[in-house]
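Novice: Here it is: the structure, laid out below.
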Amino acid sequence: MKRIALVTILIISSITVFTGCEKDDLPVPRIEGLTLENFPVMDGSTSTDPLIRMIATRLLGYNCKWKQAQGMVTWELSTALPKTFVEQRLKCSQTHGAFVNLIDGGADIIFSARTM
C-alpha cells in the first residue's frame, strides 16, 4: 500500500502544482482506505510546505484556499485539515531535517527543493 500511496502522492503533487487547490473540476485520484489515521508522514523543506499541505488536502478530500497573509505581500495556504493531523503527519523540518527524519524513520516520504 505504501508504494501505491507514494506513487499517487507524486502524481497528485504534479497535478496540484499546475492546478492549485481552488479548482475542483479536475478529478483527484483516491487511494482506497486512506484516512487521517494511516496517512503517510510527510516532511520537507520550508519551500515545499504548501505543496505537502495541498497534496494531503486533495488526497483526503478537504477544502483549501490561498489567502493573502494579513498585512503582507505573501500568500499562505489555508486548509480545513484538522490541526492535530497537520502537526503529526505534515512536518516541515527544512531540507536537512527532512532527510534525517527519512533516514531515521520519522517520515515516510519527503519533499525537497534541493538535493542532499
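Just so you know, all these numbers are worked out from the coordinates, no wet-lab data involved. From a predicted model like this one, the values you see are computed outputs, not experimental measurements.
Novice: So how compact is region 34-86: Cα radius of gyration and Dmax in angstrom?
Specialist: Looking at region 34-86, its Cα Rg and Dmax stand at 11.8, 37 Å.
Novice: Find the centroid of the Cα atoms in region 36-56 and in region 62-111, then give the distance between the two in whole Å.
Specialist: Centre-to-centre (Cα) distance: 5 Å.
Novice: Summarise the long-distance tail of P(r) for region 59-116 by giving the % of C-alpha pairs beyond 13 Å.
Specialist: 70
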